[in-house]
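Asks: The structure that follows is given in the form of structure tokens.
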Amino acid sequence: RLQESRERLSVCSKLCYAVGGAPYQITGCAIGFFLQIYLLDVAQLDPFYASIILFVGRAWDAVTDPMVGFFISKTPWTRLGRLMPWIIFSTPFAVISYFLIWFVPDISSGQVMWYLIFYCTFQTLVTCFHVPYSALTMFISREQSERDSATAYRMTVEVLGTVLGTAIQGQIVGKADTPCIESLLFIGKTNSSVAMEELNMTHDTGSLTDTRNAYMIAAGVIGGLYILCAVILSVGVREKRESSELQSDEPVSFFRGLKLVMNHGAYIKLIAGFLFTSLAFMLLEGNFALFCTYTLGFRNEFQNILLAIMLSATLTIPFWQWFLTRFGKKTAVYVGISSAIPFLIMVAVLDSNLIVTYIVAVAAGISVAAAFLLPWSMLPDVVDDFKLQHPDSRGHEAIFFSFYVFFTKFTSGVSLGISTLSLDFAGYQTRGCSQPKEVNFTLKMLVSAVPVVLILLGLLLFKLYPIDEEKRRKNKKALQDLREESNSSSESDNTELASIV
């Protein structure tokens, strides 16, 4: 009991730890919803180059996760700990690179390289923050109950971080009136260049300057929050080396462990199912701002619609937590994720209507909450199943989580690159007040038909997932028996040693 009281974390420590999860979610949400429309309509890049930036940035982000995890495992302990130096020293450079992503350089050529370099740099630095932060859970206490409690605080703050990122970016940018150029479809081809020049001369270019300034103000506010959260985390949380002491046995090597994990059938089936459903919601996230602006015609409302999605997701996470404990996780997957399908079809079939769009946004948020919560709820069940099948192989938890993130990020990069490229093929007009019918049709496909197909494929793959509630209870009981057997064996060894002494 004395040992448990020493390991108990105060509410203040848990809150300081939880605050550290906000920067990743705030910046990720702002980039996920707004970077595509920013590159196209504010930085005025060609859609082809925008697709390259989005794909390479997401793919590089995926690669950096296992790389940073590997380097952290080789980092020696310091006076600040082993993980805290990564968090502290990466923060200022991450904030600078994040700000430069939302800055339009006054150069005629080289803009593509500018955004590509700083986007990849930021993804690397935010990974240097988030990977050690995620691993910090194992270093704040040896008591599993205290770690679970701190994780619950963290998930709550991270969900609030997604709302905060959407609200800050959306409301600040939404106050600026982004200028647009009328379509030249009805202007004679011989006069098209002259007409375009006249439109540009008579257009209020100051409005575009205001929009660019609004994006930089939002980046400055989010960067300030990033630094504040990092300071609270580093001051309020103490990394304990003794909390991470391992058993005397040497863990299996990384590559051998990776081979074992990738041969585990339940893990592959879970990844495959969530890969398709995650891609569906990432396509919706990446293209929803363009869809609201051009296809639905809600140029001045899209930031409020995005906020409705994230607020709905935040408020319904407790419901899904109750639902999965009451009816099981596989049932929660089927009900939660499939509930978005009728509303996604509705928004594409019905005429543009603001009330219907808000209803669809709230319904999509309910499904987003399920997609946000369920992967992290089901992955521990797969790890437990793996431990039962390989009782002599340990220390692979990081592989399970990091490679799930790796596959999700990499495929999201591919999907976003392809979707932006498809807009280019459809004839997307940068800064256009309206878009050709082909572009509007493509946007409908990207936020409705394609996500519905991906969700259905993911749900079909979940039929193959072998861990249902009965299997999960059996695994839990078997693991408990193994732990009790291991503890009794350890106690008998200690008793024998004491008698010898």
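Asks: Can you confirm whether V261 is in contact (Cβ under 8 Å) with a residue 24 or more places away in the chain and in contact with a His (Cβ under 7 Å, 6 or more places away or on another chain)?
Replies: Yes; evaluated as a whole, the condition is true for this residue.
Asks: I would also like to ask the following. Within the stretch 424-473, how many residues are within 22 Å of M346 (Cα to Cα) and part of a helix (DSSP H, G or I)?
Replies: Summing the residues that are within 22 Å of M346 (Cα to Cα) and part of a helix (DSSP H, G or I) in the stretch 424-473 gives 23.
Asks: Within the stretch 261-308, which residues are within 19 Å of I355 (Cβ to Cβ) and aromatic (F, W, Y)?
Replies: Residues satisfying the conditions are F288, F291, F298, F302.
Asks: Of the residues that make up the stretch 161-169, is at least one open to solvent by 30 Å² or more (accessible area, probe 1.4 Å), at pLDDT below 90 and touching a Gly at 6+ places or on another chain (Cβ under 7 Å)?
Replies: For the stretch 161-169, residues open to solvent by 30 Å² or more (accessible area, probe 1.4 Å), at pLDDT below 90 and touching a Gly at 6+ places or on another chain (Cβ under 7 Å): absent.
Asks: Among all residue pairs at least 6 apart or on different chains, which show Cβ distances below 7 Å where the first residue, located in the stretch 230-241, is in contact (Cβ under 8 Å) with a residue 40 or more places away in the chain and the second is of a type in the set (F, W, Y) and open to solvent by 20 Å² or more (accessible area, probe 1.4 Å)?
Replies: Pairs that qualify, where the first residue is in contact (Cβ under 8 Å) with a residue 40 or more places away in the chain and the partner is of a type in the set (F, W, Y) and open to solvent by 20 Å² or more (accessible area, probe 1.4 Å), are R241/W77.
Asks: Please pick out the residue among T325, T331 that is surrounded by fewer than 22 Cβ atoms within 10 Å (Cβ to Cβ), modelled with pLDDT of 85 or more and β-branched (V, I, T).
Replies: Of the residues listed, the single one that is surrounded by fewer than 22 Cβ atoms within 10 Å (Cβ to Cβ), modelled with pLDDT of 85 or more and β-branched (V, I, T) is T331.
Asks: Select from the stretch 415-451 the residues that are among the basic types (K, R) and open to solvent by 50 Å² or more (accessible area, probe 1.4 Å) and list them in ascending order.
Replies: K437, K444
Asks: Being modelled with pLDDT under 85, under 25 Å from the mean Cα position of the chain (by Cα) and crowded, with 20+ Cβ neighbours inside 10 Å: is that true of A218 here?
Replies: In short, no.
Asks: So, of the residues in the stretch 334-375 that are within 25 Å of L275 (Cβ to Cβ) and among the polar types (S, T, N, Q), which turns out to be surrounded by the fewest Cβ atoms within 10 Å (Cβ to Cβ)?
Replies: Step by step, filter the stretch 334-375, then rank; the result is S339.
The values are calculated or read from the model by the stated rules, or taken from the named source; none is laboratory data. Remember, it's a predicted structure, so these values are computed and weren't measured experimentally. All Cβ positions, even for glycine, are placed from backbone atoms using ideal geometry, and neighbour counts span all protein chains on display. Note: areas computed on protein heavy atoms with side chains; ligands, DNA, RNA excluded. Shrake-Rupley method; radii C 1.70, N 1.55, O 1.52, S 1.80 Å.
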